[in-house]
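First up is the structure itself, then whatever we jot down about it.
The values are calculated or read from the model by the stated rules, or taken from the named source; none is laboratory data. Note that the coordinates shown come from a computational prediction; the quantities given were computed from them, not determined experimentally. No Cβ is skipped: glycine too gets one built from the backbone with ideal geometry, and neighbour counts run over all protein chains shown.
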Amino acid sequence: MCGIAGILNISSDKPVKQEVLERMIFPVTHRGPDGFGFYVGKDVGLAHARLSIIDLEGGWQPIHNEDKTLWVIFNGEIFNYLELRKELEERGHRFYTNSDTEVIVHLYEEKKEKCLDELNGQFAIALYDTREKILFLARDRMGIRPLFYTMYKGSLYFSSEIKSLFAGNPSIPRELNPEVLKEIFTFWMPGGSETVFQGISQLEPGHWARVSVNGGIHIQEYWDIPFAASHVDSGKKEEEYAEQLRDLLIDSVRLRLRADVPVGAYLSGGLDSSVITSLIHHYTDNPLKTFSVTFSDKVYDEQAEQQEMVDYLTTDHHAEHCTYEKIGQAFPEVIWHTETPVLRTAPTPLYLLSSLVQRNKYKVVLTGEGADEILGGYDIFKEAKIRAFIKKNIDSEIRPLLLKRLYPYLALSPTKSAEYSRKFFNTDADVNELFYAHQPRWQTTGRTAVFFSENLKERDSAAGIRKLEKRFAEKLDGCDFFSRAQYVESKLLLGNYLLCSQGDRMAMAHSVEGRFPFLDHRVVEFACTIPPHLRMKVLNEKNILKKSMADILPASIVKRKKQPYMAPDILSFFGGKEPDYIDYYLSPAMVKEAGFFNPKAVSRLMSKCRKKSRQGFRENMAFVGMLSTQIVYDKFVRNFQVVQPEKLDNIKIIS
């Protein structure tokens, strides 16, 4: 794992300077504190901050091919690099390191962009071809590792994090995009390749880009989650699906334990992380050190379940205990790393957790992220099944009672009243609508618009939905409603929020690499072949996963009602000692200056929170969203500053 950054001059004749590359790479030293590598050519500059995990001595980047015509920097891991290296050596390629990175240049020599089809990994790649003067950028299939870029005055700037772009060229405009901000306050995240900053884009998951000197930029998708074919039933029995899933997960875990440093695991107490830790315990000889978050607020705490798994597997376990005050105090630093507004405080405990991992001198952890999206685990999928069941007999008085089985873990559940539930979940909606499953959630989140400034309210509220329709309509044509829901959740919540704001950014803030066995593309592709009625059998979520792992987990973990990972929101700021910064970021003057929210509405909400810190959905999302937006505005627009060192240590200039 690392941080990467670089520049390609397209129509600019300004030479690339190493001091600019140093300015770009310094803000992401948390991603790679073990050393820095640079390559400077006539039209291109590549910079790399290294977190050494494989080939600790020889794996410095940039890495080149035999004749030094191809140069690569790379953030991530290629898990099947040993197998690929063997095949490449048999075909005559010569290697000068033992790193996984070098596999990329030799595969690209043979197959150009088709090399991505061979890689089992999580990656952001930047490769420069000196002969063709082409910069090749690529991102892994599921979007585990980030890659941002912008075009400015004839040059393309790219990096693992947006702050590097701004540090590299202070003239690049730093403005928030109101349209994307509205998307975040509806979907929880941007709906596509745009970011909350005007003119800054992300390369989307499963895409590559080819940028040529004196030419343009061509972007193409090379892989997508194949839910579109999921309606084809192979006729397999549940036991066959379970056995095949188990075999794939065992191999995925084994591959992700490859490292020249110790590898630990996150253990939340839920099914998914318990599966991963149990697979490590039963099918590998890897020493098992586990890490978890506990909460002083019992509504969110899963310590008892965590301890059950710790006792069952006899792991060397360490926990980060989160109080309201710890979450509240860390929140501004968390937003510096997310680089985008968030509607929940949930990333913050994970930021604190990665600090615990770092203090234990671990660089790599396996996590259970992704299982809910690909195997049918979320209540939003259960909710869609119940709504569709009610729709078949809309006059039934009994069927709506099923809604009461949803969200038992919420203090303020929308299912307390049957009549309110029917309205909240819009049980009259057409099952064939493109975003059938997501409508209730988006409508709920969209109610935060009452806090917007008049300028933001006047902007087209339906623009974000139309963008998603254009993006997804063709891909989801012919899909059943359950598979559509999984696809949208995987592309939006997982790809544009969980893997970045809660995943990559929170772990890498403390130089920790997360690895995700459920997101091995072979596992994802297989999961899409499981018929929807078997992914969630009646209302039993992740049915096939439970069947495949029942004999290596405690029965109580398998049968436990799902409790999604959550953290206290408004309570983190007003449930204990109020952080000093609240009045600064949410002062009427600062709110008015930023121009996104109504200062009077913000002040009224703050008064409510100070009187009663346990609020409803809308208030929690609105408060966290407004506070994080104001922090982004202050840290990146109003007062952007990266303190540069006089000199970077441990530098290698490779030529």
- State the number of residues belonging to region 174-200 that are within 16 Å of the chain's Cα centre (by Cα) and either surrounded by fewer than 18 Cβ atoms within 10 Å (Cβ to Cβ) or under 23 Å from Phe597 (Cβ atoms) (or both). 10
- Task: Can you run down the residue pairs with Cβ atoms below 7 Å, 6 or more apart or on separate chains, where the first is in region 338-357 and farther than 14 Å from Phe623 by Cβ and the partner is surrounded by 24 or more Cβ atoms within 10 Å (Cβ to Cβ) and of a type in the set (Asp, Glu)?
- Result: Glu339/Glu161
- Checking Ala167, Ala126 in turn, the sole residue that is in contact with a Phe, Trp or Tyr (Cβ under 8 Å, 6 or more places away or on another chain), under 22 Å from Leu82 (Cα atoms), crowded, with 19+ Cβ neighbours inside 10 Å and not basic (Lys, Arg) turns out to be Ala126
- Message: Taking the criterion of being over 21 Å from the mean Cα position of the chain (by Cα), within 23 Å of Tyr497 (Cβ to Cβ) and not assigned by TED's automatic domain parsing to the domain that holds Phe617, would at least one residue in region 158-173 satisfy it?
- Response: yes
- Message: Please go through region 434-462 and give me each residue that is among the small types (Gly, Ala, Ser) and either at positive phi or more than 24 Å from the chain's Cα centre (by Cα) (or both), ordered by number.
- Response: Ala449, Ser453, Ser461, Ala462
- Item | Segments classed as strands (runs of 3 or more DSSP E), wholly inside region 1-78, with at least 3 members that are within 30 Å of the chain's Cα centre (by Cα), under 30 Å from Leu257 (Cβ atoms) and at pLDDT 90 or above | 2-9, 44-50, 70-78
- Note on the structure: Among the residues of region 8-25, the number that are surrounded by 14 or more Cβ atoms within 10 Å (Cβ to Cβ) and touching a strand residue (DSSP E or B) at 6+ places or on another chain (Cβ under 8 Å) is 11
- Note on the structure: Taking region 217-237 and keeping only residues that are at pLDDT 95 or above and surrounded by fewer than 20 Cβ atoms within 10 Å (Cβ to Cβ), one is left with His218, Ile219, Gln220, Glu221, Tyr222, Trp223, Asp224
- Which of the residues that make up region 193-216 are modelled with pLDDT under 95 and hydrophobic (A, V, I, L, M, F, W, C)? Val213
- Query: Do any helices (runs of 4 or more DSSP H) entirely within region 330-438 hold 2 or more residues that are at pLDDT below 95, and if so, which?
  - Reply: 379-392, 418-424
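Okay, residues lined up against (1) under 30 Å from His533 (Cβ atoms); (2) touching a Gly at 6+ places or on another chain (Cβ under 9 Å):
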{"residue": "Lys236", "(1), (2)": "yes, no"}
{"residue": "Leu248", "(1), (2)": "yes, no"}
{"residue": "Val263", "(1), (2)": "no, no"}
{"residue": "Asp297", "(1), (2)": "no, yes"}
{"residue": "Glu305", "(1), (2)": "yes, yes"}
{"residue": "Leu343", "(1), (2)": "no, yes"}
- Of those in region 551-597 that are in a loop (DSSP other than H, G, I, E, B), free of Cβ contacts under 8 Å to residues at least 60 places away in the same chain and aliphatic (A, V, I, L, M), the residue farthest from His282 (Cα to Cα) is Leu586
- For Glu109: the one exception among (1) part of a loop (DSSP other than H, G, I, E, B); (2) more than 27 Å from the chain's Cα centre (by Cα): (1)
- Residues of region 447-468 classified as surrounded by 15 or more Cβ atoms within 10 Å (Cβ to Cβ) and farther than 30 Å from Arg604 by Cβ, total: 2
- Task: Determine whether region 466-486 contains at least one residue that is outside the structural domain of Gly192 (by TED's automatic domain parsing), in contact with a strand residue (DSSP E or B) (Cβ under 6 Å, 6 or more places away or on another chain) and modelled with pLDDT of 95 or more.
- Result: no
- Query: So how many residues does region 484-528 have that are among the basic types (Lys, Arg) and out of contact with any helix residue (DSSP H, G or I) (no Cβ under 6 Å at 6 or more places or on another chain)?
  - Reply: 2
- Item | Selected residue [outside the structural domain of Met189 (by TED's automatic domain parsing), farther than 21 Å from Pro347 by Cβ and aliphatic (A, V, I, L, M)] from Ala589, Ala622 | Ala589
- Item | Glu325 at pLDDT 95 or above and at positive phi | no
- Item | Condition check for Thr294: assigned to a strand (DSSP E or B), farther than 29 Å from Ser160 by Cα and not assigned by TED's automatic domain parsing to the domain that holds Phe623 | yes
- Query: Can you name every residue in region 129-162 that is surrounded by 24 or more Cβ atoms within 10 Å (Cβ to Cβ) and of a type in the set (Asp, Glu)?
  - Reply: Asp140, Glu161
- Item | Subset tally (residues that are modelled with pLDDT of 95 or more and not in a helix (DSSP H, G or I)) for region 264-276 | 4
- Query: Got at least one residue in region 450-468 being free of Cβ contacts under 8 Å to residues at least 60 places away in the same chain, farther than 15 Å from Met189 by Cβ and assigned to a helix (DSSP H, G or I)?
  - Reply: yes
